[in-house]
1. Might you check whether a residue that is among the acidic types (Asp, Glu) and more than 30 Å from SER469 (Cβ to Cβ) occurs anywhere in the range 409-429?
2. Is it true that GLU197 is in contact (Cβ under 8 Å) with a residue 40 or more places away in the chain, among the acidic types (Asp, Glu) and within 23 Å of ILE23 (Cα to Cα)?
3. Please list, ordered by first then second residue, the pairs with beta carbon atoms under 8 Å, 6 or more apart or interchain, first in the range 255-266 and within 15 Å of ligand 2 (Cβ to nearest atom) and at pLDDT 95 or above, second aromatic (Phe, Trp, Tyr) and part of a loop (DSSP other than H, G, I, E, B).
4. Would you be able to say whether some residue in the range 358-373 is among the basic types (Lys, Arg), more than 16 Å from ligand 2 (Cβ to nearest atom) and free of Cβ contacts under 8 Å to residues at least 24 places away in the same chain?
5. Quick one: in the range 222-247, of everything that is charged (D, E, K, R) and under 27 Å from GLU473 (Cβ atoms), which residue is farthest from ligand 1 (Cβ to nearest atom)?
6. Could you look through the range 444-453, keep only residues that are surrounded by 12 or more Cβ atoms within 10 Å (Cβ to Cβ) and without any contact (Cβ under 8 Å) to a residue 40 or more places away in the chain, and pick out the one that is farthest from ILE474 (Cα to Cα)?
7. Can you confirm whether SER213 is touching a helix residue (DSSP H, G or I) at 6+ places or on another chain (Cβ under 6 Å) and of a type outside the set (D, E, K, R)?
8. Take ASP383 and decide whether it is touching a Gly at 6+ places or on another chain (Cβ under 8 Å), among the charged types (D, E, K, R) and at pLDDT 95 or above.
Amino acid sequence: MDVHSYARPDHVGIRHLDLDLRIDFDRKILEGTAAIQLDRLQGDELILDTRGLEIRVVEGASSWELGEANPILGAPLRIRLGQGIEQVTVHYSTTPGASGLQWLEPAMTAGKRHPFLFTQSQAIHARSWIPLQDTPGVRVTFAARVTVPAPLRAVMGAVESDGVFRMEHPIPSYLISLAAGDIARREIGPRSAVYSEPGLLDAAAYEFADTESMIQAVEGLYGPYRWGRYDILVLPPSFPFGGMENPCLTFATPTVLAGDRSLVSLVAHELAHSWSGNLVTNATWSDFWLNEGFTVYVERRVLEKVYGRRRADMEAVLGRGQLEEEFARLPENDTVLHIDLKGRDPDDGCTLVPYEKGALMLLTIEEAVGRERFDRFLRAYFDRFAFQSITTAQFEAYLKATLPNPVALDAWIHSPGVPDGAVRPHSDAFAHLEWPAAEWSTHEWLRFLREQREPDMERLDREFRLSESRNSEILHQWLLMSVQQGYTPGMEKVEGFLSSVGRRKFLKPLYTELMKRNPERAKAIYAKARAGYHPIAQGTIDGIVKR
Ligand code: BES
Ligand code: ZN
């Protein structure tokens, strides 16, 4: 059972949704119906998850009742069913503060002329825009009609035909997605297109030109891409994540449009989720490392195939360094892979641990059994559990049955930190980074900057204009150091950065460091910038900047 859902799919489950939604930009709500096909196993009660939804009526129910709201989980919608009832239709609308929706005023878009809306359902925000069983252990197919005011366009992570979006593979609720705005489209490969506001389309098409090579790289390793199209939607800068692996349509931050394809590991990552995550899915948020650890491992295999070993090694070393920093910040209990989240927000488990410790464990297994054998294992794993949601225990049993005794599994999964015997990622490229050179890659820069103990901020800025960097990762690293070192020219750029970007990975460290050294400044910046952040990012930063 999933502690983050009220649903009892073992009594009455859901198997298919027919959505009919109108987007109302003026009132900042979605309004319409969800017709839900049921899987009746026992009893006469269907329980759905909701958060902040206004329920008008439940057609087909004998009676229904919206329970009391819990701050983390929202409110259960309890529906009594007559005998033989296999479908109910919920008539509802969302509310303007919905945690899974961000409504952007025209000023917050690139074009400045039209509003924009996008969803972010992972981890438990689908319930704020659709009444459903919001647990990754339940999978549904869906069909959706979306009405959007002209001249705007709606897109969904699904396949569109005749104005209906269809998802014919059963997927978990956290992968249901929708966006609407002034969205243009350009083909970039035989099964891929980029979508973005018109002004960003050229940059997006250039940045993501290697997408088809990446798809073929994963197919060569782990079998066919099963979702038909792989498109990428570039969102406005307030998108709170780097990327989100919505099936058929990855959502991406515009901060990866560096102009030199140096940050496209994000595409490799979200694409890899088409196997690890979307095909084989974590059954609960305690099993999140099954999604992210496997994905980071696959991501680096893709980078190796498409860009070479040197690039993949650099990413692995950077990841290992970031994991060490994360360990230093986290309580021990949160450094295990299978994390206890009872009574907590699943967001608390979204640290670098499931990503980097998970990937490191798989790399260590790969080294122990040999690449060829491990590749065969992974391919069989994706086939064996395709379109299923599995727990950590199921993975452990499968591994033990098919690859006898490869590593100290128990220590990796259930003990804190990194066990002895872990592989040490190494990069020759990082061996001699004494002083920057003009031709340095983004990765060499990041490594160099992160290794500096007493950086000569003035000289670095004078010679390399870091305060003006157009690479979001380098700029972020530089601004973070500027706050830490009290370097004024960098500090002056921090406010502009925090007011124009809503990616949580960038906001969190900057606000944390600002609060340590200059809390008044942090509060002043946040007071102005907060309205532009996504509700999910607001929630995180509210916990850091105490107003
Ligand atoms: N699925 C995650 C994003 C996510 C995780 C959203 C948990 C909500 C809750 C996505 O695949 C991801 O990991 N994105 C990373 C980028 C990636 C390159 C590591 C991110 O957004 O930083
Ligand atoms: Zn991911």
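1. Within the range 409-429, one or more residues are among the acidic types (Asp, Glu) and more than 30 Å from SER469 (Cβ to Cβ).
2. yes
3. Correct list of pairs: VAL264/PHE208.
4. Among the residues of the range 358-373, at least one is among the basic types (Lys, Arg), more than 16 Å from ligand 2 (Cβ to nearest atom) and free of Cβ contacts under 8 Å to residues at least 24 places away in the same chain, which makes the answer yes.
5. The selected residue is ASP231.
6. Selected residue: GLN452.
7. It is true that SER213 is touching a helix residue (DSSP H, G or I) at 6+ places or on another chain (Cβ under 6 Å) and of a type outside the set (D, E, K, R).
8. yes
The values are calculated or read from the model by the stated rules, or taken from the named source; none is laboratory data. Note that the structure is a prediction, hence the values are computed from the model and not measured. Every residue, glycine among them, receives a Cβ derived from its backbone with ideal geometry; neighbour counts consider all protein chains shown.
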